[in-house]
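Worksheet: one structure, shown below.
Since every read-out is calculated from the coordinates, none of them should be taken as a lab result. Since we're looking at a predicted model, the values are computed, not measured. For neighbour counting, all protein chains shown are included, and Cβ atoms are generated from backbone atoms with ideal geometry for every residue, glycine included.
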Amino acid sequence: MKALFLFIASCISANSFPQSSFEYEPNFSAIIVKDIRVSSDWYKSVFGLKTKTESNDVQNGYQVAIMESEDFLLELMELRGSLTRDELLAGKPGGTQIQGHFKLGFKVENIDTCLKRLTELGIDVPQVWKDKVSGKRNFIIKDPDGNLIQFFD
């Protein structure tokens with residue numbers, strides 16, 4: 001699966017932003033997780049990532065797994081003292097969000113193949129949206145920690 005990072009700003013036409021004075025390309029993403037083993041197994045099964053390196057710093061309270069495929073590099077970190085989204089939002093009104101990173105997005109060649117694979121893995125896809133003009137589809141899933149991952153035609 002050819003994966004490309006799509007950030008929230010990508011929803012807005014690139015022509016509406018001034019050109020950068022330097023070249024860049026997405027390189028990696030990092031996620032703090034509750035259980036590094038559960039999360040690394042999940043990312044292996046969904047994206048076919050392989051563990052490149054692992055480190056465990058007991059004194060400073062963290063474990064890190066660097067995972068990669070040909071097209072995607074992901075750093076997972078289990079960090080002592082980190083809080084879950086649910087813990088942070090406990091007691092807040094419905095619809096409250098945390099500022100900062102919102103989701104990862106991937107463009108896929110065949111969304112039906114992607115949906116089939118996720119279903120085989122037992123991953124819930126609650127809804128598929130279809131753009132009325134282009135006919136292109138997208139959907140959102142959650143990783144084991146509730147992080148949002150969106151796939152696009």
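Computed from Cα positions, the angle between helix 111-120 and the longest principal axis of the chain comes to roughly 30 degrees.
Here's the list of aspartates and glutamates a cross-link from Lys44 could span, going by alpha-carbon distance under 16 Å and ignoring same-chain residues fewer than 8 apart: Asp35, Glu54, Glu68, Glu70, Asp71, Glu75, Glu120, Asp143, Asp145.
Could you compute the net charge surrounding Ile32? Neighbours are other residues with a C-beta less than 10 Å from the C-beta of Ile32; K and R count +1, D and E count -1. Could the numbers behind the result be given before it?
Details: positive: Lys34; negative: Glu75, Glu78, Asp145.
My count for the surroundings of Ile32 gives -2.
Going from the residue with the fewest nearby Cβ atoms within 10 Å to the one with the most, Arg137, Arg80 rank Arg80, Arg137.
Amide H of Val33: which non-local residues (sequence gap of 5 or more, or other chain) have their own amide H closer than 5 Å, using H built in the peptide plane? Counting only residues 5 or more places away or on other chains, the set is Met77, Glu78, Leu79. Fully extending the segment from Arg117 to Gln19, taken as 0.36 nm per residue of separation minus the present Cα-Cα distance, adds 31.5 nm. What angle do you read, to the nearest 10 degrees and between 0 and 90, between the alpha-carbon axis of helix 36-47 and the longest principal axis of the chain? With rounding to tens, the tilt is 20 degrees. By the count of neighbouring beta-carbon atoms within 10 Å, fewest first, Val133, Val125, Val46 end up ordered Val133, Val125, Val46.
Its Cα gyration tensor gives the chain an equivalent ellipsoid, and the semi-axes of that ellipsoid, as √(5λ) in whole Å with the largest first, are 26, 20, 19.
Arranged from fewest to most other beta-carbon atoms within 10 Å of their beta carbon, Phe106, Phe28, Phe151 become Phe28, Phe106, Phe151. Here the label points at Glu109 and Glu87, each 7 Å from Cα along the C-beta direction, are separated by 4.2 nm in the simple model.
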